[in-house]
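The values are calculated or read from the model by the stated rules, or taken from the named source; none is laboratory data. Predicted model, so just to flag it, every value in this text is computed and none were measured. Because the Cβ atoms are built from the backbone with ideal geometry, glycine has one as well, and the counts that use them run over all protein chains shown.
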Amino acid sequence: MSRRVADKEHVNQHYMMRHVFVLVVIVLMFGGLVVRAAYLQAYEQSFLAEQGDQRQIRQIKTLSQRGSIIDRNGEVLAVSTPVDSVWVIPRQILAEPEQVAVLAKRLALDEQKIQYKLQRRATSQFVYLKRHLEPEHAQRVVRDIKGAYLQREYRRFYPDSEIVGHVTGFTNIDDEGLEGLEYLFDDWMESKKGSRMVVQNRMGEVVEEVKSLQQAIPGKVLQTSIDMRLQYLAYRSLKSAVQQHKAVSGSAILVKVKTGEILAMVNQPSYNPNDRASMKPAHLRNRAITDMFEPGSTMKPFAVAAALDNKIFHADSWIDTAPGWLSVSGNAIKDFKNYGRLDITGILRKSSNVGAAKIVMALKSEKLWQAYKSYGFGDLTGVEYPGEAAGYLSHYAQWRNFDLATKAYGYGMSSSVAQLARAYTVIANDGKLLDLSLLKQDVEPEGRQVMTVKTAQTVRTMLESVIKPGGTAQKAAIRGYKVAGKTGTVKKSQRGGYTEDRYIAVFAGMAPASNPELVLVVTVNEPGKDVYYGGAVAAPVFADIMQNALRVLNVMPDDISVQQASIIQAGADT
Amino acid sequence: MSQRFILAGFLFVLVFISAIAVVYVKQQSRDLYTQIRVLQKQQDALTINWSRLQLQHSTLTNAAYIEAVARKKLSMQTVSHPRYVVLQ
């Protein structure tokens, strides 16, 4: 028994020794750590901080390309290209002051300004020095500089600059859409930022990739309905007309009849979307869509169509416009001269206000309002372009007699150029109303029948006479094609009435008239005082653009005599 | 006792193999990372080149430029109605 106790004591003593030993070792170790930590904090702080800077784990954002904008044939309208931005950590740059001069020289910037900028933000960890440099150049700039780094970014280029600027719009320096399609389809084209975790050394070089946190995804390509060839032709014609007539502004819009696609949309003045610095707000407006004007005589075909569809008149009805003026509720409606008795075609050909007023007064206000409304007046066109104007068409309950009469020749209401073009596609498309679109359509949209096929065809035939001898727009004629259209010369309204010397010249038309493919509306705002009629100012622009468009699109001429065609056919067969 | 030794020895060998494997995989991941960076840089260079070519292409196919060349250099003219025939 006693021996067992002694044994146990011996064992306990043995363990005790071990305990003490382990305890001492642990205390010594902790003591060592504390002393070491204190030493590091106190004596080697600056050295270690620098070492730490050299190898740090950073989360780096990775960017990807924004989607391009292309035209219907794949031509590039806007593309993002990689560029590098130079950024610095001021503390590191200023540590070796001679670097500032080197940077200034390489970037062609003022040394004083850089110095000032760095001093002012000396404690920042990130200061942009210069953004969007060509990658090769950027590499040369930061070579051997301690504290200058590159950041990959993307810059948007618009190769056709001002020709299609109003359609594309533009982005800000961070590639976010601000105007036009860039704004409207920002979500579609936007790239998704990615990020990865890396260990960087002091030169900003990645030493080790820790992990990829999120893959960057490039944005999607946006295919527009624009045909760049036609856009260019339209731009050129409109620009030369606006210059020739010393006009304030102008717009043209070319629409494909069967689909409602906008093939070309141009405005003057335009702007260069590549150069944000020189943009003037007034030039940024896509006037064809955002600006409203009184459509004037270009409304007459719709007044006629409404009367025909409501069976108030027939295509061969006659109306007496003598003596060339008409008094409605004490207001005078005047014609250019006394045209006497005219048939309905004659009213459109001569653009008789009196005749048109008599037509709508035979119609009820409600019927005319319903018809105009169904042709899309006072409504958005469906393009959803930012800042689109809906136009103004007051409710018929507010119309008095004179208001009704003025609607016949397009006063007392307003429309955008795009809206007017959309309404003309109703006449061109056998009475079907389509939404306009700036995106390429793969399938023909259904459309809504808002005018009978017969009326649309009748009005089209009537509008052909406008271009023929005796009509107001002989300058809109195109050899080889039948053209249907209508002129407008609108007095500009101002507070308290209409001006006497400021006009908008308009021409709206379609070709080839026997089976229209294209609708084109041209407006020239405030042409000079000598020549200002729609038929003299806007019609030649129409003819020029339309002729080229028909040629480029290979549209079959419909005004070559049958005899000639059959001879050629016979010749081709042998 | 000897059984324990065998187990310990076995585990030791396993640990050793695992350690070597870790080193090997780490090395491999470094190699692959170098590769992916090289490829990413290549991709980057190609992207830059591609957008440059796109811009160049659209400059050269610019309608205004083509028209100027066609009219001035090549003395081309627009064919107007009496000079073309339509084959049906």
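Selection of the range A:196-230 for residues being at pLDDT 80 or above, buried (at least 16 other Cβ atoms within 10 Å of the Cβ), assigned to a strand (DSSP E or B) and among the polar types (S, T, N, Q) yields A:Q223, A:T224. Among the residues of this structure, B:R37 counts as one that is among the basic types (K, R), assigned to a helix (DSSP H, G or I), surrounded by 11 or more Cβ atoms within 10 Å (Cβ to Cβ) and modelled with pLDDT under 85. The set of residues in the range A:439-459 being out of contact with any strand residue (DSSP E or B) (no Cβ under 7 Å at 6 or more places or on another chain) and assigned to a loop (DSSP other than H, G, I, E, B) consists of A:D442, A:V443, A:E444, A:P445, A:E446, A:M451, A:T452.
Restricting A:S80, A:S64 to those that are within 14 Å of chain B (Cβ to nearest Cβ) and touching a Ser or Thr at 6+ places or on another chain (Cβ under 6 Å) reduces the list to A:S64.
Taking strands (runs of 3 or more DSSP E) as the structural unit, those lying wholly within the range A:39-135 and holding at least 3 residues that are among the hydroxyl-bearing types (S, T, Y) correspond to A:76-88. Picking from residues in the range A:376-397 that are of a type in the set (D, E, K, R) and closer than 20 Å to A:G165 by Cα, the one that is modelled with the highest pLDDT is A:E388. Looking at the structure I just gave you, is B:S18 more than 11 Å from chain A (Cβ to nearest Cβ) and part of a helix (DSSP H, G or I)? It is true that B:S18 is more than 11 Å from chain A (Cβ to nearest Cβ) and part of a helix (DSSP H, G or I). Taken over the range B:53-82, the criterion of being part of a helix (DSSP H, G or I) and at the interface with chain A (Cβ under 7 Å from one of its Cβ atoms) is satisfied by B:Q54, B:L55, B:S58, B:T59, B:A63, B:A64, B:H81. Across the range A:136-158, the qualifying residues are those that are assigned to a strand (DSSP E or B) and of a type outside the set (A, V, I, L, M), and the one among them that is farthest from A:Y385 (Cα to Cα) is A:Y149. Residue-level check: of (1) without any contact (Cβ under 8 Å) to a residue 24 or more places away in the chain; (2) within 14 Å of chain B (Cβ to nearest Cβ); (3) closer than 24 Å to A:A389 by Cβ, A:H283 misses just (2).
The number of residues in the range A:481-536 being charged (D, E, K, R), buried (at least 17 other Cβ atoms within 10 Å of the Cβ) and within 12 Å of A:H245 (Cβ to Cβ) comes to 1.
The residue of the range B:21-47 that is nearest to the other protein chains (Cβ to nearest Cβ), among those that are closer than 22 Å to A:V210 by Cβ and of a type in the set (A, V, I, L, M, F, W, C), is B:I36. Within the range A:520-543, residues that are farther than 21 Å from A:M292 by Cα sit with their Cβ atoms under 7 Å from residues that are in a loop (DSSP other than H, G, I, E, B), at 6+ positions apart or across chains, in these pairs: A:V531/A:H245; A:A543/A:A477.
The set of residues in the range A:388-410 being without any contact (Cβ under 8 Å) to a residue 40 or more places away in the chain and acidic (D, E) consists of A:D403 alone. Listed by first and then second residue, the pairs linking a residue in the range B:45-59 that is surrounded by fewer than 16 Cβ atoms within 10 Å (Cβ to Cβ) to a residue that is among the charged types (D, E, K, R), with Cβ atoms under 9 Å apart and 6 or more places separating them unless they lie on different chains, are B:H57/A:E75. Consider the range A:159-183 and keep the residues that are acidic (D, E) and surrounded by 16 or more Cβ atoms within 10 Å (Cβ to Cβ). The one that is farthest from A:E384 (Cα to Cα) is A:D160. Apart from one condition, A:L233 fits all of (1) within 14 Å of chain B (Cβ to nearest Cβ); (2) part of a loop (DSSP other than H, G, I, E, B); (3) not small (G, A, S); the exception is (2). With respect to the conditions (1) at pLDDT below 90; (2) outside any loop (DSSP other than H, G, I, E, B), A:L348 falls short on a single one, namely (1). The set of residues in the range A:162-202 being among the small types (G, A, S), touching a Lys or Arg at 6+ places or on another chain (Cβ under 9 Å) and within 27 Å of A:V266 (Cβ to Cβ) consists of A:G177 alone.
Figure legend. Inter-residue proximity from the range A:148-165: first residues at the interface with another protein chain (Cβ under 10 Å from one of its Cβ atoms), second residues aromatic (F, W, Y), beta-carbon distance below 8 Å, spacing 6+ or different chains. Indicated pairs: A:Y158/A:F170; A:D160/A:Y232; A:I163/A:Y232; A:I163/A:Y235. Selection over the range A:541-564 of residues that are more than 14 Å from chain B (Cβ to nearest Cβ) and either out of contact with any strand residue (DSSP E or B) (no Cβ under 9 Å at 6 or more places or on another chain) or surrounded by fewer than 19 Cβ atoms within 10 Å (Cβ to Cβ) (or both) gives a count of 1.
The number of residues in the range A:242-260 that are polar (S, T, N, Q) and in contact (Cβ under 8 Å) with a residue 24 or more places away in the chain comes to 3.
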